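Some notes on the structure that comes next.
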Amino acid sequence: MNVVVQRYARALADSLPAERSEVGLDQLRHLSDILAREPGARQLLTNPAVSPDARQTFIGRLSGMLQLEPAVRNLLSMLVDRRRLGILEDLCASFEKLVDDRNGTLRVQVISAEEMPQVDLNRLAQRLGHSTGKRIVLSVDTDRSILGGIVVRIGGTVIDASVRQRLAGLQRELRAY
């Protein structure tokens, strides 16, 4: 992520009390989703033909409707004023990482061929939490193309224990003969 995004994310993290960081993150995500779904709102905020007062009025109304934290509202206002609304999605990801670091949370993506029972997911989260010393938040997806087993992504590390991967390894070994 670029330096500008990280600076805005850090400024938001510093301006929100630690206990309100998760709320701020949820609001930032929701705001990003709304602006992605509503091109009219995004155009109003980015169109230079719209007066700054009209943009700020709209931000005030939007903030009131969404009950945004003052720090999130100020960030939105600043992004609009500086014509940087385009970084909002990246800013969400950067801020999420800061909040996770602050809270000792590790986000883990799990991909399985079929839906996993909750008891297995809980056991996996518990083991990962024990080995990392962090609170684990699982994101679970299914992908039938892996045939069986699971693929676990922790940050930049991928643990591929899928049947597809095992078959590919077996195929490489057989070709070596």
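A few remarks follow.
- Counting only helices (runs of 4 or more DSSP H) that fall entirely inside region 1-68 and contain at least 3 residues that are within 16 Å of L85 (Cβ to Cβ), under 19 Å from the mean Cα position of the chain (by Cα) and in contact (Cβ under 8 Å) with a residue 60 or more places away in the chain, the qualifying elements are 3-15, 21-37.
- Inclusion of E69 among residues that are on the phi < 0 side of the Ramachandran plot and in contact with a Gly (Cβ under 6 Å, 6 or more places away or on another chain) is warranted.
- Output for region 76-104, where each listed residue is in contact (Cβ under 8 Å) with a residue 60 or more places away in the chain and not in a helix (DSSP H, G or I): R84
- With respect to the conditions (1) surrounded by fewer than 18 Cβ atoms within 10 Å (Cβ to Cβ); (2) under 28 Å from Q43 (Cα atoms), T157 falls short on a single one, namely (2).
Every number in this text was worked out from the coordinates using simple rules, so none of it is lab data. Everything quoted here is computed from the prediction, not taken from an experiment. As a convention, Cβ positions derive from the backbone with ideal geometry for all residues, glycine included, and neighbour counts pool all protein chains shown.
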